[in-house]
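Participant: Here's a structure for you.
Derivation of every value follows stated rules applied to the coordinates shown; laboratory data play no part. As the structure is a computational prediction, the values presented were derived from the model and not from experiment. Because the Cβ atoms are built from the backbone with ideal geometry, glycine has one as well, and the counts that use them run over all protein chains shown.
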Amino acid sequence: MSDYVVKEGTKNLQRAGEKLITTHCSYCGMQCGMHIRVSEKTGKIKGVEPRYDWPVTLGKLCPKGVTAYQQIDHPDRIKRPLIKKNGAFVESSWEEALHVIKDNVTRLQQESGPDAMSVFGGVSMTNEKCYLVGKYARAVLGTRFIDYNGRFCMSSAAGGFLKTFGMDRGSTLPWTELEHSDCFLMAGSNTAECHPTSIQMFWKARDRGASMIVIDPRETPTARIADVHLDLLPGTDSALANGLLHLIIKEGYVDEAYVEERCANFEELKAQTALFTPAYTSKITGVSEEKIIRAAHLYGRAQKSVVMFARGAEQQSKGVDNVTLYSALALLRGQIGKFASGVATFTGQGNGQGGREHGQKSDLLPGYRKITDPEAVKHISGVWGIEPEAMPKPGVSAFEMFDEIQNGAIRGMHVICSNPAVSAPNVEYVWDSLKKLDFLVVNDFFLSETAEFADVVLPAVSWAEDEGTTTNLEGRVIRIRKAVEPLHESKPDWQILKEIAQVLGKGYLFPYEKAEDIFNEFRLATKGGKADYYGITYERIDRENGVFWPCPSLDHPGTPTVFKGRFETPDGKAVLPSVPWQEPGEVPSEEFPLRLTTGRVVYHYLSGNQTRRIDFLRDQCPYPYVEMHPALASRYGIQDKEMAEITTPRSSMTVEVKLTKATREDILFIPYHWGKELSVNKLTNACLDPTSRMPEFKVCAAKIRRITKKEGVSHE
Amino acid sequence: MNKIMYLEFERCIGCRACLAACRECGDHEGTERNYVDYVDFMESRQTFPMMCMHCKDPACARVCPANAIQITEEGVVLSASEEKCIGCRNCTFGCPFGIPKFDFDQNKMYKCDMCYDRSKHDIAPMCASVCPSDAIRFIDYDEMQTLRRRRTQLNLVEGRKPSEQDKWQYVPEFFGVYTD
């Protein structure tokens, strides 16, 4: 078996005494291709070599990708299981740690029933692990309380896609077609910083004359290169989308035949959007009428266009509505299911797509099956080898689990591959909840802020120490390879779950020797589901540059473009939305007159537990800051690089001020990758979307105050 | 070496992957030799990459009293050779672009060598390999000429047509398309 996969004619630099292991990056949904350099003699990781022949990214990497390998043999790695004794972590043996877990889980479940334990999963891990987390929670622990950090990431996109198309695949087209498109309408995505390797496709298209419309309150590096930048007020996406839909209809850009044949609810949409004249839209969104009109014409005239969105539009209490409205723009233009056109969301986490299909969500079973559907329960119970009656009922969403801790329903939690102590909104409430737990187990390879609350921390491996598959933002299933054996005493998450299952007397449910065994079981589990992986094998992934789901049989070529003939709704028609304007969960008041929005920087990934430890990345952006317009700063007498205190109804924090005119004059922006007193999520609002249960990270009311030198707060 | 480095400043997204990648080159001892700067962050987020242009008659080599800066047969201007460098820093002052860096611990200069171990085999240097926005490219001479022609062509595409006021920002004067 060769671990170096390369196309004929592609030149890589092969150093003497080193081998290259072909894999993908550990971070975002782009899953950029890379080779990891490994010393043949010592087996140690030496560095990274670009994977020029990976068709999605062509060797390109962002700074996180270039330095990703530095996580593997990092001095901060958790080397042995940690058990908290008298308030401090003590290194211990696996045997002892498993014993403590067994005792506590058994005790809590005997006292308060199986639901006393809960599982908080994550999707920055392989499909194999994500699948197993669901099985572990439901078949081993028997709890209904399982959910995952995708609730803070992709859930609004998923909810919007399900509502509109009846199926949730992040992109309706393969990324390699983007360069042939004529227009991109991108909402709430700072692609240049969050998915940088996508930018090459946009430039290629622009070299052919394609246009770009970017919807973002800040003039991000992405918005800077746009033909039209719609600098809306945070939280007003639904009004802006309604305004664009209004103009598309009014100006006669609707593909009437397509809408007639493939969409439902058009008259309702038409009636609802009638109100959203450019003047009305402009009044709500703060975008000039002229720009809205120009954007509508640019988008309406484009032959092939792609509507794209990301967390900016999704992390709102109307995230699902925003997704359905933006998707409607593509539907009215008849773009979905065709070449180089469609709808896509930029998946945040590495396996955000795959991880949400395999049963980590409180109401889903593998293959995107509903846990409330008796047929689905029967099928999955059969694959798992349990009685259908033993399948727990639906649980609650990620953030609501903390409510369940507060009211005593959840007493123990197992956090796997997630760091909610940084990534959840209103984190002071989350910290308090974690403290209230009787028993907390965390799997991680660095001691995260969440792990610090734990009773037992189990050392997991980094992504390069295990085999597996992930599903990238296109819906393409790809291979992750093992570059080194697990370091120290760490173990892959699937093996950890297997060993816990064994001590709990359910070892027979986890008969796996290697990751591929899990993959083969989960192919069966997804068979016949919406996200059908049955036809995908490790060997096919290598041969075919990854395989797109759905792929129901071994001779099925996979599905790069979805919805070619019909949508997955019962009648095969896409459902157009009709959504009235509604304010965000929290609007500025006299006391809190400004809007605060949060986001990311290119150097850090999610809660920063990995990237804050990498020298290069930390040096580039060591601390959070508040970014604001000099005109706004002037009103408060604040100068560049001074310290300021930002307060919302929940809490306050002190950060350095960074001034730029490349933003709106009435907003504050703070990146969220830090924990504890540096966490902007102390300030964010946990107002949840009614469908997706996505918290409103992107908008809340705030006030700002200059910190005088005398008060002496500084990060230095 | 049959390829050339081609930079398009306006494409730079400021991610600094080129800096991280520069450190990864085998001969670079974990130090970066290129630069990414904001034009003016207060006004805009526009950044630009800056790296050695490997001058034909490089000032850095010319002002080196120890003759420590060698130029390969392909024209790549290398870092000062460790044996010869006397640490006088003439090169860092002499370069009009401020490219050579100085290591005060080891008392020697270091600079971009176009990842010579890669580029001599026509494998792209690390910065050009990873640049996510194609702001830095390692391409054939002919491809570069095509790209230059395309840039002008692009300005004729509807929607980006120059107006009477700013036409000279788009088209060189000798091009003659828009003269009255």
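Participant: Let me see the P(r) profile for chain B: every Cα-Cα distance counted, bins of 5 Å, each bin given as a percent of all pairs.
Facilitator: Percent of Cα pairs in each bin: 1, 8, 14, 16, 17, 15, 11, 8, 5, 3, 2, 0, 0.
Participant: Holding the Cα-Cα limit at 27 Å, pick out from A:530/A:573; A:204/A:291; A:370/A:698; A:64/B:101; A:85/A:436 the pairs that are longer than that.
Facilitator: On the way: A:530/A:573 16 Å; A:204/A:291 25 Å; A:370/A:698 29 Å; A:64/B:101 24 Å; A:85/A:436 17 Å.
Where the Cα-Cα span goes over 27 Å, the pairs concerned are A:370/A:698.
Participant: Given 0.36 nm per residue, what is the gain on full extension from residue A:613 to residue A:279 after removing their alpha carbon distance, in nm?
Facilitator: On the way: separation 334, 0.36 × 334 = 120.24 nm, distance 4.85 nm.
My answer for the length gained is 115.4 nm.
Participant: Okay, moving on. Let me confirm one metric for peptide A:186-196, namely the mean number of other chain beta-carbon atoms within 10 Å of its residues' beta-carbons. Walk me through the numbers before you get to the answer.
Facilitator: Numbers: counts 0, 0, 0, 0, 1, 2, 7, 4, 0, 1, 8.
Mean partner shielding for this stretch: 2.
Participant: What is the Cα radius of gyration of the protein assembly as shown over 2.2 N^0.38 Å, N being its residue count? Present the calculation step by step, with values, prior to reporting the outcome.
Facilitator: Working: Rg = 27.3 Å, N = 896, 2.2 N^0.38 = 29.1 Å.
Cα Rg divided by the expected 2.2 N^0.38 Å: 0.94.
Participant: Work out how much length residue A:74 to residue A:564 would gain on full extension: take 0.36 nm times their residue separation and subtract the Cα-Cα distance, in nm to one decimal.
Facilitator: Details: separation 490, 0.36 × 490 = 176.40 nm, distance 4.65 nm.
Separation in residues times 0.36 nm, less the Cα-Cα distance, equals 171.7 nm.
Participant: Further, regarding this structure: If we count other beta carbons within 10 Å of each Cβ, what is the order of A:4, A:508, A:538, fewest first? All intermediate terms of the calculation are to be shown ahead of the outcome.
Facilitator: Values: A:4 13, A:508 9, A:538 18.
Ordered from fewest to most neighbouring Cβ atoms within 10 Å, A:4, A:508, A:538 come out as A:508, A:4, A:538.
Participant: Quick one: dipole size for chain A, taken about the Cα centre, charges +1 on Lys/Arg Cβ and -1 on Asp/Glu Cβ, in debye to the nearest 20.
Facilitator: Computed charge dipole of chain A: roughly 920 debye.
Participant: Based only on Cα atoms, what mean projected area does the convex hull of region A:227-292 have, in nm²? Working shown, then result.
Facilitator: Working: hull surface 19.6 nm².
Directional mean of the projected Cα hull area for region A:227-292 stands at 4.9 nm².
Participant: Where does helix B:141-154 land angle-wise versus the long Cα axis of chain B, in degrees 0 to 90, nearest 10?
Facilitator: Around 30 degrees separate the two axes.
Participant: Shifting gears a bit: Once you place label points 7 Å from the Cα toward the Cβ at residue A:407 and residue A:708, how far apart are they in nm?
Facilitator: A separation of 4.7 nm, rounded to one decimal place.
Participant: Along region A:285-299, what does the Karplus equation 6.51 cos²θ - 1.76 cosθ + 1.60 (θ = phi - 60°) give for ³J(HN,Hα), rounded to whole Hz, x for Gly and Pro?
Facilitator: 8, x, 9, 5, 3, 4, 5, 4, 5, 4, 4, 4, 5, 4, 6
Participant: In region A:488-582, which trypsin sites (Lys or Arg not before Pro) are in a loop and have at most 16 other Cβ atoms within 10 Å, using DSSP for the loop call? Walk me through the intermediate numbers first.
Facilitator: Values: sites: A:498, A:506, A:514, A:523, A:527, A:530, A:540, A:543, A:564, A:566, A:573; in loops: A:506, A:514, A:527, A:530, A:564, A:566, A:573.
Here the sparse-neighbourhood loop sites are A:514, A:564, A:566.
Participant: Then there's this: Taking +1 at the Cβ of each Lys and Arg and -1 at the Cβ of each Asp and Glu, which of A:184, A:486, A:687 sits farthest along the dipole of chain A towards its positive end, judged by Cα position relative to the Cα centre?
Facilitator: A:184
Participant: For the pair residue A:90/residue B:44, report the inter-label distance in nm, with labels modelled 7 Å from Cα in the Cβ direction.
Facilitator: 6.2 nm
Participant: Here's something else I'd like to know. Among A:30-39, A:670-679, A:152-161, how do they line up from the highest to the lowest mean number of other beta-carbon atoms within 10 Å?
Facilitator: Numbers: A:30-39: 25.0, A:670-679: 21.2, A:152-161: 28.2.
Descending packing order for the listed peptides: A:152-161, A:30-39, A:670-679.
Participant: Net charge near residue A:493: determine it from the other residues with C-beta under 12 Å of the C-beta of residue A:493, scoring Lys and Arg +1 and Asp and Glu -1. Provide the component values of the computation, followed by the final result.
Facilitator: Details: positive: A:129, A:491, A:498; negative: A:128, A:444, A:465, A:466, A:499.
Spelling it out: positives minus negatives among the neighbours equals -2.
Participant: Farthest toward the dipole's positive end in the protein assembly as shown, which of B:144, A:620, A:431, given Cβ charges of +1 (Lys, Arg) and -1 (Asp, Glu) about the Cα centre?
Facilitator: Highest projection toward the positive end goes to B:144.
Participant: If we sort A:475-485, A:370-380 on the protection proxy, mean other Cβ atoms within 10 Å, highest first, what's the order?
Facilitator: So the peptides A:475-485, A:370-380, ranked by packing, come out A:475-485, A:370-380.
Participant: Ranked highest first by the average count of other Cβ atoms within 10 Å around their residues, in what order do A:181-191, A:250-260, A:545-555 fall?
Facilitator: Working: A:181-191: 26.1, A:250-260: 14.7, A:545-555: 19.0.
Most protected by this proxy first, the peptides run A:181-191, A:545-555, A:250-260.
Participant: Go ahead and run the numbers for FRET between residue A:488 and residue A:553, Cβ-Cβ distance against an R0 of 51 Å, rounding to 0.05. Mind dumping the intermediate values first?
Facilitator: Working: r = 42 Å, r/R0 = 0.83.
The pair residue A:488/residue A:553 has a calculated efficiency of 0.75.
Participant: Continuing with the same structure: First measure r as the distance between the Cβ atoms of residue A:387 and residue A:294, then evaluate 1/(1 + (r/R0)^6) with R0 = 45 Å and state the FRET efficiency to the nearest 0.05.
Facilitator: 0.15
Participant: What is the Cα radius of gyration of region A:594-711 over 2.2 N^0.38 Å, N being its residue count? Working shown, then result.
Facilitator: Working: Rg = 14.4 Å, N = 118, 2.2 N^0.38 = 13.5 Å.
Working it through for region A:594-711, the quotient is 1.07.
Participant: Based on the Kirkwood radius over alpha-carbon pairs, what value in µm²/s does the Stokes-Einstein equation return for the translational diffusion coefficient of region A:2-158 at 20 °C and 1.002 mPa s? Mind dumping the intermediate values first?
Facilitator: Working: Rh = 19.3 Å.
Stokes-Einstein gives a translational diffusion coefficient of 111 µm²/s.
Participant: How big is the gap, in Å, between the Cα center of region A:636-683 and the Cα center of region A:514-535?
Facilitator: Region A:636-683 and region A:514-535 have Cα centres spaced 45 Å from each other.
Participant: Tell me the net charge near residue A:408. Cut-off is 13 Å between Cβ atoms, residue A:408 excluded, with +1 for each Lys or Arg and -1 for each Asp or Glu. Let's see the in-between values first.
Facilitator: Numbers: positive: A:411, A:436; negative: A:111, A:115, A:403, A:404, A:438.
Combined, the nearby Lys, Arg, Asp and Glu give -3.
Participant: Quick check for you: which residues of region A:130-172 have the amide N under 12 Å from the point 7 Å beyond the Cα of residue A:370 toward its beta carbon?
Facilitator: Taking a point 7 Å out along Cα→Cβ of residue A:370, the residues of region A:130-172 whose backbone N falls under 12 Å are A:163.
Participant: Anyone know which of B:42, B:114, B:50 comes out most mobile in the 10 Å Cα GNM of chain B?
Facilitator: B:42
Participant: Based solely on its DSSP helices, what 222 nm [θ] is calculated for chain A when runs of n ≥ 4 H residues each add -39,500 (n - 2.57) and the sum is averaged over all residues, nearest 500 deg cm²/dmol?
Facilitator: Details: 24 runs with 208 residues, N = 716.
Calculated from helices alone, the mean residue ellipticity at 222 nm is -8000 deg cm²/dmol.
Participant: For region A:1-99, build the charge dipole from Cβ charges (+1 Lys, Arg; -1 Asp, Glu) around the Cα centre, then report which of A:13, A:55, A:93 sits farthest towards its positive end.
Facilitator: Farthest along the dipole direction, towards plus: A:13.
Participant: Starting from the eigenvalues of the Cα gyration tensor, five times each then square-rooted, give me the equivalent ellipsoid semi-axes of region B:54-111, largest first, whole Å. Mind showing how you got there, number by number?
Facilitator: Values: eigenvalues 55, 31, 19 Å².
So the three semi-axes of region B:54-111 are 17, 12, 10 Å.
Participant: Exposure proxy check: B:138, A:402 ranked by fewest other beta carbons within 10 Å? Could you put the intermediate results ahead of the total?
Facilitator: Values: B:138 21, A:402 25.
Ranking B:138, A:402 by Cβ neighbours within 10 Å, fewest first, gives B:138, A:402.
Participant: Using 0.36 nm times the number of residues separating residue A:583 and residue A:677, minus their current alpha carbon distance, what extension gain do you get? Could you put the intermediate results ahead of the total?
Facilitator: Numbers: separation 94, 0.36 × 94 = 33.84 nm, distance 2.94 nm.
Extending this stretch completely gives an extra 30.9 nm.
Participant: Restricting to Cα atoms and excluding each atom paired with itself, what does the Kirkwood estimate give for region A:171-345 in Å? Mind dumping the intermediate values first?
Facilitator: Numbers: mean 1/r = 0.0636 Å⁻¹.
Taking every pair of different Cα atoms in region A:171-345, averaging 1/r and inverting gives 15.7 Å.
Participant: While we're here: What does the charge count near residue B:76 come to, summing +1 for each Lys or Arg and -1 for each Asp or Glu among other residues with Cβ under 15 Å from its Cβ? Before the final figure, lay out each step's value.
Facilitator: Values: positive: B:3, B:33, B:56, B:111, B:118, B:120; negative: B:27, B:57, B:73, B:74, B:113, B:117, B:122.
Net charge in that neighbourhood comes out at -1.
Participant: Could I ask something else about it? Which distance in nm do the two modelled labels at residue A:508 and residue A:112 give, with both placed 7 Å along the Cα-to-Cβ direction?
Facilitator: Label at residue A:508, label at residue A:112, 3.0 nm between them.
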